[in-house]
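As structure tokens, the structure follows; a few thoughts come after it.
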Amino acid sequence: MYTFPQLLLRNAILALIFVSSISIVSLSMLSSLLEDKANLHVRSIQLLTEQFILEEDEAQNAKMVEKTLAQSSNYQRLSIANLAGKNLFSYQPKDAGLSIPFISPSLKKVTSNKLALIIEFRLDFSGESRLVLTCIILSIILSLFFMVFAATMSTKRHKAVFKVISQQIKNDLALINQTQTEHDDFGAEGDILEIPELKQGIADIKALMTKQLESAITLEQEAYVDHLTQLDNRGRFVQYYEDKVVQESPVKFGVLVITRCSELQTINQIHGYREGDNYISHVATLIKQAIVPYSDGQVFRLNSSDFACILPNIKLKEAENFTKELNALFNEYQQASDLDSVAYSGLVNFDKTKPLGELLALADTGVSVAQTQSSNSWYSQKDTDILQKNSANYGNQNWRQEIDSVLENQRVTLLLQPILPSGRNSKVYGEVLARFLNSNDEMLPTASFIAMAEKLDKIIAVDKLIVETTMNEIINKNMFDQSFGINISARSISDEHFMIWLERKLLREPKVATRLIFEITEYGLQQNIKTSKRLIDMLHRVGSRVTVERFGVGLTSFKFFRDLTPDYIKMDSSYTRDIDDDKNNQYFLRLMVDLAHRLSINVLAESVESQEEKHTLDKLFIDGCQGFYIGKPEPL
């Protein structure tokens, strides 16, 4: 048995190891974080100095840089000198704040060739340093407390156990002298079972086993359960198919149903990601409701938009009753939620000889065919040899016919989603959103339609249809008092024939041209800078304007946009979502707004879903906001 000093020494060593580990990890993380932040500030200063208007007096340039930098961050030291080394400005507060040696980033130097200045700085990280030191001190205090407490309790426990064991030995020696061996043995066993410490030990072991079991269950849920719908995920789906179908089991055959939520991308873009999550959760609930009559049926969420249902030991004809029930539930949800559609399903039967990859490809083809039919429809893929034939593009052919029919009959309807201007700016517009109809005047899934138009090289014709329809609506309804944003695909802006067509179209309608703003993705502009500049110059020449949307994804330099001279940039939703809680995005967005305004470019924010986000964006001087909180799309 350990003595109290021995236990205290052992616990002290363990506490020292623990505190040292925590301290090393904390200081290492802090050092890396501060170095990254300092390097980010270097890049920010480089971007910032490139946008200043050069003054003749270098001292004036230094004063202008100092004023701007002082507003953006706190410094332990800041100095500005010319290229010859003459100091023009120097700043170092009397109270330098707390700084941890070997942790705080070294002095950073930025050279601006444009302003002929050398900027040296060290950021003030006293707040971060104070927080980490406080955590280390608290961990030391807690470790000392638990060290003494554990040593004391262990000593008491050892003494109690030793006392009980000693008493038990005395009892056993007394029992040896008794003649009734069986009775004595029973008595001894009963005494052992009455030892409180033994009972406590058994209870501790049971509690430990229970805790380990709960941890294993939690890990399994994280690995195999979708957090949003609480359904088994793709990993569990593959495991189920291999264990229950491929191996010997009661499942000899069955039907695989793939259900695709066709409106997820559109809902995320227009209504926001929270509404997208609500939409997916509701579809999952409807699928679980429809599968209840099939006692052995299983539901899985394969990815963001696809669900899989396995209906064991039933024929394809019977499984169609399941998709009919799904169709009815989806139709009710569509009417209640004012959606263009909800989801489409593809069915294929299986047995244990069919590879899972082949089944998924067949079911996916069924979904593609269903999407060309009525809203929320389903399609049974009965031709299981389709992948072995030269007709694997079966679904593509259906889409090709449907897209050609839309183009030929001009079956497109337009919606308008407003962009709310800030109090400082009224030069914004509404974004035109296109919806496409099949021969029964039912909405086709927009995201699938655009994706298939891209894949089948029909997107240029689709862009032409949207531009023509928008211009005709403006003329016919005499809507010359507002402006309209039209999306153009990257494929179209790189096509010379489309550019010639668009220029002639706009020149013929100069009054309409001045009311149009063409939205082009940052990625699309980067594909061919020369072509992009020619397009933007042409649009400005005819009186139209240009928005670079999804800005920030590619981190394009502002020099690039200074040369292109767009009228607006629309920040990608990854920067605006939950911006009220994201200090890093606030800092980045404030810098982008400042640089853009120096180039006379207006900055817009999309996917604004709450009052808090709108309030934060207003404080960052955003020129306009768009999203579900601002306004839903309405017919043009």
Within the set of pairs 6 or more residues apart or between chains, which connect a residue that is among the basic types (Lys, Arg) inside the range 493-512 to a residue that is not in a helix (DSSP H, G or I) with Cβ atoms less than 8 Å apart?
LYS511/PHE480
Counting only residues that are among the polar types (S, T, N, Q) and surrounded by 15 or more Cβ atoms within 10 Å (Cβ to Cβ), which one in the range 314-336 is farthest from GLU275 (Cα to Cα)?
THR323
When the residues of the range 202-253 are filtered to those that are among the polar types (S, T, N, Q) and modelled with pLDDT of 80 or more, which remaining residue is nearest to ILE280 (Cα to Cα)?
THR229
Evaluate the following for PHE237: is it aromatic (Phe, Trp, Tyr), surrounded by 20 or more Cβ atoms within 10 Å (Cβ to Cβ), touching a Lys or Arg at 6+ places or on another chain (Cβ under 9 Å) and assigned by TED's automatic domain parsing to the domain that holds ASN327?
yes
Every listed condition ((1) without any contact (Cβ under 8 Å) to a residue 40 or more places away in the chain; (2) surrounded by fewer than 22 Cβ atoms within 10 Å (Cβ to Cβ)) holds for ASP277 save (1)
I'd like to know if the range 85-102 contains one or more residues that are surrounded by 13 or more Cβ atoms within 10 Å (Cβ to Cβ), modelled with pLDDT under 75 and more than 30 Å from ILE24 (Cα to Cα).
yes
Residues of the range 450-459 being of a type in the set (A, V, I, L, M, F, W, C) and either surrounded by fewer than 18 Cβ atoms within 10 Å (Cβ to Cβ) or over 30 Å from PHE480 (Cα atoms) (or both), in sequence order, are ALA451, MET452, ALA453, LEU456
Which of the residues spanning the range 427-467 are of a type in the set (Ser, Thr, Tyr) and either assigned to a loop (DSSP other than H, G, I, E, B) or closer than 23 Å to GLY631 by Cβ (or both)?
TYR429, SER439, THR446
I'd like to check something: does the range 579-596 contain any residue that is in the same structural domain as GLU519 (by TED's automatic domain parsing), farther than 27 Å from ARG534 by Cα and assigned to a loop (DSSP other than H, G, I, E, B)?
yes
What is the one condition in (1) surrounded by fewer than 21 Cβ atoms within 10 Å (Cβ to Cβ); (2) assigned to a helix (DSSP H, G or I) that THR470 does not satisfy?
(1)
Does GLU55 meet the test of being more than 18 Å from PHE125 (Cα to Cα), at pLDDT below 75, charged (D, E, K, R) and exposed (fewer than 14 other Cβ atoms within 10 Å of the Cβ)?
yes
Taking the range 617-636 and the residues there that are farther than 19 Å from GLU519 by Cβ and part of a loop (DSSP other than H, G, I, E, B), the one that is nearest to the chain's Cα centre (by Cα) would be TYR629
Being assigned to a helix (DSSP H, G or I) and either under 32 Å from the mean Cα position of the chain (by Cα) or touching a residue at least 40 places away in the same chain (Cβ under 8 Å) (or both) is the filter here; which residues of the range 532-555 pass it?
SER532, LYS533, LEU535, ILE536
List every residue pair whose Cβ atoms lie under 9 Å apart, where the two residues are 6 or more positions apart in sequence or sit on different chains, the first residue falls within the range 109-127 and is assigned by TED's automatic domain parsing to the domain that holds GLU58 and surrounded by fewer than 19 Cβ atoms within 10 Å (Cβ to Cβ), and the second residue, located anywhere, is among the acidic types (Asp, Glu) and assigned to a strand (DSSP E or B).
LYS109/GLU120
Scanning for something under 23 Å from LEU415 (Cβ atoms) and either modelled with pLDDT under 90 or surrounded by 21 or more Cβ atoms within 10 Å (Cβ to Cβ) (or both), does the range 578-598 turn up at least one residue?
no
Hits in the range 557-577 - residues which are under 14 Å from VAL546 (Cβ atoms), at pLDDT 80 or above and in a helix (DSSP H, G or I)
LEU564
When you scan the range 334-355, do you find a residue that is in a helix (DSSP H, G or I), of a type in the set (D, E, K, R) and not assigned by TED's automatic domain parsing to the domain that holds ASP441, even just one?
no
Within the range 618-636, how many residues turn out to be crowded, with 18+ Cβ neighbours inside 10 Å and under 11 Å from GLY423 (Cα atoms)?
3
Residues that are surrounded by 13 or more Cβ atoms within 10 Å (Cβ to Cβ): list the helices (runs of 4 or more DSSP H) wholly contained in the range 473-517 that include at least 3 such residues.
490-493, 496-508
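The values are calculated or read from the model by the stated rules, or taken from the named source; none is laboratory data. Since this is a predicted model, take the numbers as computed values, not measurements. Ideal geometry is used to build each Cβ from the backbone, glycine not excepted, and the neighbour counts take in all protein chains shown.
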